[in-house]
Each structure stands twice: as structure tokens, then as C-alpha cells.
Amino acid sequence: MDFELDEDLRMLRDMARDFADKELAARARAHDKDEALDPAILAQMGELGLWGLTIPEEYGGAGLGNLHLALVLEEINRACASTGVTLSVHNSLVAAPLRKFGSEELKRAWLPKLASGAVLGAYCLSEANSGSDAAALRAQARKDGDQWVLNGTKLWVTNGGIAGMFIVYARTDPSAPKAKGITAFVVDRNTPGLTVGKHEKKTGIRGSTTTEILLDNCRVGAQSILGELNRGFPLAMDTLDGGRIGIAAQAVGIAQACLDASIKYSKERQQFNQPIGNFQAIQWKLADMSAGIEAARMLTHKAAWLRDRGLPCARAASQAKLFASRHANWCADECLQIHGGAGYTDDFHVERLFRDARITEIYEGVTDIQRLVIARSLLG
Ligand code: CAA
């Protein structure tokens with residue numbers, strides 16, 4: 001048992017922290033207002049090797065694991081959650097399944113571009129009638145000679161507006177029970193028939209793009225199948241185990257940002273002739289925030305550690321996301337309360353933290369889905 005980060009992990013975290021503090025934090029407000037990420041920031045992240053963090057070295061990445069990614073994601077999200085989710089989805093929902101399940105041909109075609117950030121990735125699972133019930137998806141892939149023809153509409157696609165490659169889940173055997181007839185396809189953005197639809201106007205993480213993806217007779221070759229035919233659903237679920245660790249790390253980062261802002265304001269803000277941090281009512285909030293953040297961080301690191309060792313991690317990933325996302329929302333609420341009226345204006349970044357925290361309980365499985373995954377694994 002060792003709670004100390006080794007030197008490699010520490011150096012990586014410090015590099016991400018430095019970038020977050022010196023470069024990213026100053027852009028977070030503009031990302032939120034412009035509803036777009038600064039391309040210069042995306043390029044800098046490429047230079048730092050962040051897009052290829054978990055991609056093997058032979059494909060141009062850094063060959064690091066989920067624990068490394070979680071440490072980086074916490075720091076990036078502390079400064080800008082819009083940038084954080086973009087990085088998380090690219091690494092955990094796209095690069096990771098490609099690395100794990102992709103043919104050599106698919107890996108050679110895509111991993112080097114994903115590693116450099118020349119191409120960003122997106123994951124297309126949800127639809128209008130399949131959110132929590134992901135296996136109810138209706139998008140279809142029909143075989144036509146050597147090709148598959150994709151039709152349907154995907155929703156809530158993070159990175160949809162900027163991605164060059166999409167992992168699309170579609171039904172390949174309509175006669176099979178729900179989860180049994182689904183296949184994952186790797187689809188190039190330039191494939192005729194694939195178009196980016198509506199850009200969602202969101203409450204938070206406004207700098208990250210979330211779009212519809214429309215598939216209208218979109219033809220791909222059989223080599224585009226990721227993993228096995230009709231085994232796309234377990235692949236999607238395994239992928240989400242990793243993604244949920246990323247969102248847990250995001251929640252830890254947002255919660256830490258709330259604590260940092262609350263400590264600063266508690267020392268500066270004077271009421272009744274003293275800093276408000278002198279009052280026990282404030283001190284207790286800070287203490288509870290800090291204890292919960294530490295617990296959330298440990299749960300996240302444990303889930304990442306399990307996944308890096310190839311051990312079952314579905315329950316641990318859901319526990320981390322469940323706890324960290326709820327705590328992030330609680331911290332954001334308390335942080336805003338500590339800031340009073342000022343926190344409710346956009347003079348402070350606290351209102352952005354409040355809006356950004358909310359999504360962590362929604363995407364990559366809402367809170368009750370995390371409870372369902374945990375309960376199923378407890379009850380067997
Ligand atoms: N790893 C590997 N395989 C898994 C698995 C896992 N963690 N969980 C389930 N499976 C497998 C099962 O073993 C089963 O396989 P077989 O076909 O071999 O029997 C198959 O998947 C079906 O499993 P279930 O019967 O458990 O499936 P279900 O229909 O009951 O659904 C669920 C389970 C947990 C509710 C699932 O639907 C779920 O996670 N829903 C939430 C979906 C979600 O998180 N969506 C977010 C989309 S991404 C996003 O938010 C946007 C973005 O871009 C960030």
C-alpha cells in the first residue's frame with residue numbers, strides 16, 4: 001500500500017498543473033462565452049502530448065495509463081471543464097477502445113493522428129430514445145456487398161463539432177435481442193452521408209461542442225468494424241467504465257477549484273469587521289469540501305489503478321463517478337453560497353463552476369445508472 005505518487009506521475013501532474021494555471025485558466029471564461037475552445041490551446045495540448053497520453057508509443061503516443069490520465073484530467077478540469085471533457089472523451093471513449101479492440105489496420109490508420117491531436121475523436125452512442133437505456137438504440141447498419149450502410153441520428157455527441165473521427169454504434173442484427181445485435185464502427189468525418197447536425201446550447205461546459213450526428217446512407221467498409229460484429233454493446237460498456245473514471249476526475253478537478261476559490265474568498269471577504277473565514281459556519285463548509293474531495297480523489301485513483309491492471313473496474317468506476325460528481329455539485333453549491341451575491345454574477349468564475357459541475361451527474365451515465373451498476377454488482 002503506497003499513497004505517494006511516483007516521480008513519473010508527480011512530474012506529469014506538475015506539468016499539467018503548470019499548463020492549467022499559466023495557460024488554460026485565463027482562457028476558460030472565453031471558452032464559456034464563445035462556446036468554443038481556443039485552437040491555440042488545443043495545439044499546445046498536442047505539443048504537451050496530452051491527446052496521445054494513453055496511446056501506445058509505437059503509434060506516437062505517450063503509452064501511459066488511466067491513473068496518469070486521471071491526474072492530468074483533474075488539473076485540466078480545475079482550470080477549464082470544457083477543455084477537460086474534450087480531452088477525456090478523446091482519450092477514454094475513443095483512443096482507448098481503438099487501442100484495445102481495433103484491428104492493426106484501424107490502429108495504424110487512426111492512432112497516430114489521434115495521438116498528435118491532428119484528429120480529435122467522438123463517441124456516438126445515445127439517441128433520442130436511448131439515453132440511460134443505451135441498448136435500445138435504433139441507428140442501423142445494413143450490409144451491402146463489402147460495405148455497411150449506416151442510417152440514423154446520434155445525439156449528445158461530445159466533440160461532435162470538432163472531431164475528425166467518430167465511433168458509431170449501430171444495430172447490425174435487428175432480429176437479435178437489444179444488446180446482442182449492435183456493432184461499433186469507426187467513421188471518418190469526411191465520409192459522404194455523415195453530417196454534423198444541431199449544436200446544443202448547454203447550461204455548462206459551453207466551450208465543448210455537443211452535437212447531433214446525422215447518418216444518411218453513410219457507407220463504410222467492413223474494415224471499419226471495431227471489435228467483433230454484433231459485440232458492440234459490451235465494447236461500449238467496457239469503454240464507458242474508462243470514461244466514467246475520466247468524468248470522476250473531472251468532478252474532482254471542479255470540486256478542487258470550488259475549494260480553492262472558497263478559501264481565497266474566505267480570507268479576503270470582510271464582514272462584521274473580520275474575514276468571513278473566521279466564522280465556524282464557513283470553516284465547516286471548507287472542511288467538508290476538503291474531506292469529500294480527498295475521498296473522491298482516492299476512489300478515482302483506485303478505479304484507474306484497477307483498470308490499468310486489467311482488473312474488473314465497473315463497480316469502482318461507477319462508485320468514483322457517483323461520489324465525485326455528487327460531491328462536485330455540493331461543493332459548487334456551497335462555494336457559490338460562500339461568495340453570496342457576487343458568486344451569482346459572472347464577475348467571478350464561481351457561477352461557471354456551478355454550471356459546469358452539473359453535467360458530471362448526467363453524462364456517461366446519470367447518477368441513478370451509476371447506482372444501478374453498483375447495485376447489480378453487489379447483488380450479483
Ligand atoms: N464491461 C463489459 N461488458 C459489459 C459491461 C461492462 N462494464 N456492462 C455490461 N456488459 C455486457 C454484459 O455482460 C452483456 O453482455 P452479453 O451480451 O455477452 O450478455 C451486455 O453488455 C448487456 O449488458 P446488460 O444486460 O447489463 O445491459 P442493459 O441493457 O441492462 O444496460 C446499463 C446496462 C448499465 C443500464 C447501460 O445501458 C448503461 O450504462 N446505460 C447508461 C448509458 C450511458 O452511460 N450513456 C452515456 C453515453 S456517452 C455520453 O454521455 C456523451 C459523451 O459523448 C460523453
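Does at least one position in region 299-311 carry a residue that is among the aliphatic types (A, V, I, L, M), outside any helix (DSSP H, G or I), in the same structural domain as LEU353 (by TED's automatic domain parsing) and within 25 Å of SER92 (Cα to Cα)?
Checking region 299-311: at least one residue is among the aliphatic types (A, V, I, L, M), outside any helix (DSSP H, G or I), in the same structural domain as LEU353 (by TED's automatic domain parsing) and within 25 Å of SER92 (Cα to Cα).
Residues in region 147-164 that are surrounded by fewer than 22 Cβ atoms within 10 Å (Cβ to Cβ) and either charged (D, E, K, R) or in contact with a Lys or Arg (Cβ under 8 Å, 6 or more places away or on another chain) (or both): GLN147, VAL149, ASN151, GLY152, GLY164. Here is the figure for region 156-207: residues that are without any contact (Cβ under 8 Å) to a residue 40 or more places away in the chain and at positive phi total 0. Of the candidates ALA96, ALA81, the single residue that is within 16 Å of the ligand (Cβ to nearest atom) and within 20 Å of ILE362 (Cβ to Cβ) is ALA81. Of all residues assigned to region 316-325, none qualifies as being touching a Cys at 6+ places or on another chain (Cβ under 8 Å), at pLDDT 95 or above and among the basic types (Lys, Arg). Remark: pairs (first residue in region 31-43, closer than 15 Å to VAL85 by Cβ and not assigned by TED's automatic domain parsing to the domain that holds HIS199; second residue at pLDDT 95 or above and among the acidic types (Asp, Glu); Cβ separation under 7 Å; 6+ apart in sequence or on different chains) = HIS31/ASP38; ILE41/GLU23. The single residue among ALA287, ALA314 that is in contact (Cβ under 8 Å) with a residue 12 or more places away in the chain, among the small types (Gly, Ala, Ser), surrounded by fewer than 22 Cβ atoms within 10 Å (Cβ to Cβ) and assigned by TED's automatic domain parsing to the domain that holds GLN370 turns out to be ALA314. Of the residues in region 257-269, at least one is assigned to a helix (DSSP H, G or I), over 21 Å from the mean Cα position of the chain (by Cα), small (Gly, Ala, Ser) and surrounded by fewer than 20 Cβ atoms within 10 Å (Cβ to Cβ).
The values are calculated or read from the model by the stated rules, or taken from the named source; none is laboratory data. No experiment lies behind these values; they were computed from the predicted model shown. Please note: Cβ atoms are built from the backbone with ideal geometry, for glycine as well, and neighbour counts cover all protein chains shown.
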